[in-house]
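The values are calculated or read from the model by the stated rules, or taken from the named source; none is laboratory data. All values reported here derive from a predicted model rather than from experimental measurement. Please note: Cβ atoms are built from the backbone with ideal geometry, for glycine as well, and neighbour counts cover all protein chains shown.
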Amino acid sequence: MDDARDVPVDEFKHAGVRALDWIASYLSDPDRFPVLPPIEPGAVKAALPESAPDNAEPLDQILDDYERVVVPGITHWNHPSFFAYFGITGSAPGILGELLSSALNVNAMLWQTAPAATELEAVALDWLRQLLGLPAGFAGVIMDTASVSTLCAVAAARHALSELEIRERGMSGRDDLPLLRLYTSEQAHSSVEKAALVLGLGQRGVRKIPTDNAFRMDAAALEAAIDEDASAGYRPFCVVATVGTTSTTSIDPVPEIARICERRDLWLHVDAAYAGSAAIVPEYRHLLAGCDAAHSIVVNPHKWLFTPIDCSALYTRDAATLTGAFSLVPEYLRTSVDGEPTNYMDWGVSLGRRFRGLKLWMVLRAFGAEGIRKRLANHIEMAQRFAAWVDEDPGFERLAPTPLSVVCFRARPPELSSDATADGAAADARLNEFNEKLLQRLNASGEVYLSHTRLNGKYALRLAIGNVRTTEAHVTRAWELIRTTASAVLDQWQT
Ligand SMILES: Cc1ncc(COP(=O)(O)O)c(C=O)c1O
């Protein structure tokens, strides 16, 4: 019964070589594709059969359809002119790590079910910890995303309120519980608020602290908010600071925030999902200043560390509280391994866990610390140069400082903003509309992909650099395209 087994190994090998050839050619030249596919919603679905085939189809035929139907419907995050959101890289060593981990198909829930996966995860995370300059007391675990890492960190913060016995007694139907409050800045990622939703704290369990003119959390306002809440009967329990906010990459004053948390005995979680990696570069080590006093910190290798999605590193110096929040060991998951090795299922929500440590380990080795530093520094340099071009051009303006590799800016043609002083709001409304049109036109070109945000009511374009294949030439071309497209939109606007 050959057809009751896996695909024959010869066919696998033939298709595998073809797939690898395709990947190699894709990686050597991803800009042969438009970065955003020129397709309408529903186009990919319409090109596919409505139900699964009754009979086996050859892998070659499936790969034909991958090239014919799937690839043209892809937004190419690996394109060197992908400047939207945060630039990421599916690097060659990371892709090989994914391939090999899916071949092993281990479930890294217990040490015994995946000894090498468990230990390699710990080793790769400890290498990364050292590169980031975090103290040895921090132990790590790999989650799928920063959203889940933050969820688990906030769950640990809640569990640290041991006298409330939330693990045992829950939160609903209790009139002996104070309102728990978590603090984060108004620029924090939505995953912080989402963690509060999931953990039953609700939106009123989150107090958003104002930011200064560089979009950093105002530490004095944080302290005042905590005091005000405490006297109103709330129970402040956690602060989530951000190192590299999503819109502008602003950096909250973690040392000051850490001191406030220490005085008030609050759990400090640092969301360094994007910017944490930059601390590997000696000149940017200071980004994580104060984080040694945090209880937990998340850094995403799948953002700015060349590791294919998904891979989020959560570190804590209080692993006992994190595992205390999550560990639940039914009989069928008990093992009798000597030495109490780490069972990563105890560190979070999921039981089943992929072997993500392999790709991270392969990336760290294949690039080396020096190679990583060079690539990150190069991204920052390119972004700084772009920021200078924006500053020098009277038709454009920067809308936020550029501490790292993301530039927030807008076109500001004098024709549309000359009466800005007379009526700033009206000029801003016009500029918002203009910049929205500009972004649509740029992205429709297929040459570049940028995203946007809104800063103090102003529609801002974001150019984010984070892919290892992005060169000076791509950034120069993007700037040229932005300027010529802005002129074209202006011409149309005025007719
Ligand atoms: C600062 C920050 N935190 C968290 C996240 C969420 O990341 P993930 O997609 O890994 O959940 C993002 C995503 O861009 C982010 O910018």
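The table for this structure:
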item: In the range 160-186, the residues that are within 16 Å of the ligand (Cβ to nearest atom) and surrounded by fewer than 22 Cβ atoms within 10 Å (Cβ to Cβ); result: GLU186
item: Unique match (being aromatic (Phe, Trp, Tyr) and assigned to a helix (DSSP H, G or I)) among TYR66, TYR85; result: TYR66
item: The range 116-158: number of residues that are within 16 Å of the ligand (Cβ to nearest atom) and farther than 26 Å from PHE86 by Cα; result: 1
item: Among (1) within 16 Å of the ligand (Cβ to nearest atom); (2) at negative phi - the single one TYR85 does not satisfy; result: (2)
item: Matching entry among ASP212, ASP227 (being without any contact (Cβ under 8 Å) to a residue 12 or more places away in the chain and in contact with an Asp or Glu (Cβ under 8 Å, 6 or more places away or on another chain)); result: ASP212
item: Pairs, first farther than 19 Å from THR249 by Cα in the range 182-203, second within 11 Å of the ligand (Cβ to nearest atom) and basic (Lys, Arg), C-beta under 8 Å, six or more apart; result: none
item: Some residue of the range 454-461 being at pLDDT 95 or above, surrounded by fewer than 15 Cβ atoms within 10 Å (Cβ to Cβ) and among the basic types (Lys, Arg); result: yes
item: Options ALA195, ALA241: the member that is surrounded by 24 or more Cβ atoms within 10 Å (Cβ to Cβ), within 16 Å of the ligand (Cβ to nearest atom) and over 23 Å from ALA289 (Cβ atoms); result: ALA195
item: Pairs, first surrounded by fewer than 13 Cβ atoms within 10 Å (Cβ to Cβ) in the range 3-23, second among the aliphatic types (A, V, I, L, M) and not in a helix (DSSP H, G or I), C-beta under 8 Å, six or more apart; result: ASP3/ALA56
item: ALA400 vs. criteria among the hydrophobic types (A, V, I, L, M, F, W, C) and in contact with a Ser or Thr (Cβ under 9 Å, 6 or more places away or on another chain); result: yes
item: Qualifying residue in the range 428-436 (condition: charged (D, E, K, R) and under 20 Å from LYS303 (Cβ atoms)); result: no
item: Residue that is surrounded by the fewest Cβ atoms within 10 Å (Cβ to Cβ) [pool: residues in the range 370-392 that are among the aliphatic types (A, V, I, L, M) and more than 21 Å from the chain's Cα centre (by Cα)]; result: ALA388
item: Given (1) buried (at least 22 other Cβ atoms within 10 Å of the Cβ); (2) assigned by TED's automatic domain parsing to the domain that holds ALA241; (3) not basic (Lys, Arg), number of the condition PHE83 does not satisfy; result: (2)
item: Residue that is nearest to the chain's Cα centre (by Cα) [pool: residues in the range 325-368 that are of a type in the set (Ser, Thr, Tyr) and assigned to a helix (DSSP H, G or I)]; result: TYR344
item: Total residues in the range 209-224, condition surrounded by fewer than 18 Cβ atoms within 10 Å (Cβ to Cβ) and of a type in the set (A, V, I, L, M, F, W, C); result: 4
item: Residue match in the range 36-55 (condition: out of contact with any Asp or Glu (no Cβ under 7 Å at 6 or more places or on another chain), buried (at least 17 other Cβ atoms within 10 Å of the Cβ) and not in a helix (DSSP H, G or I)); result: yes
item: Some residue of the range 260-270 being closer than 23 Å to ARG235 by Cα and within 13 Å of the ligand (Cβ to nearest atom); result: yes
item: Scope the range 69-80; condition part of a helix (DSSP H, G or I) and either buried (at least 18 other Cβ atoms within 10 Å of the Cβ) or of a type outside the set (Val, Ile, Thr) (or both); matching residues; result: PRO72, GLY73
item: Contacts under 8 angstrom Cβ, first residue in the range 327-342 being over 23 Å from ALA153 (Cα atoms), partner not in a loop (DSSP other than H, G, I, E, B), 6 or more apart; result: LEU333/MET345
item: Any pair with Cβ under 7 angstrom, 6 or more apart, that starts in the range 296-313 at a residue that is not assigned by TED's automatic domain parsing to the domain that holds ALA258 and ends at one that is near the ligand (Cβ under 10 Å from one of its atoms) and of a type outside the set (D, E, K, R); result: none
item: SER417 vs. criteria modelled with pLDDT of 95 or more and among the hydroxyl-bearing types (Ser, Thr, Tyr); result: no
item: Filter result (under 22 Å from GLN492 (Cα atoms) and not in a strand (DSSP E or B)) within the range 441-469; result: ARG441, LEU442, ASN443, ALA444, SER445, GLY446, GLU447, VAL448, LEU450
item: Which numbered condition ALA157 misses (of (1) within 23 Å of THR453 (Cα to Cα); (2) crowded, with 22+ Cβ neighbours inside 10 Å; (3) more than 21 Å from the chain's Cα centre (by Cα)); result: (1)
item: Answer residue from the range 301-321, given it is among the hydrophobic types (A, V, I, L, M, F, W, C) and in contact with a His (Cβ under 6 Å, 6 or more places away or on another chain) and is surrounded by the most Cβ atoms within 10 Å (Cβ to Cβ) among those; result: CYS311
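Yes/no matrix, rows are residues, columns are (1) within 22 Å of the chain's Cα centre (by Cα); (2) buried (at least 24 other Cβ atoms within 10 Å of the Cβ); (3) over 28 Å from LYS359 (Cβ atoms):
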position	(1), (2), (3)
ALA272	yes, yes, no
TYR284	yes, no, no
VAL299	yes, yes, no
THR323	no, no, no
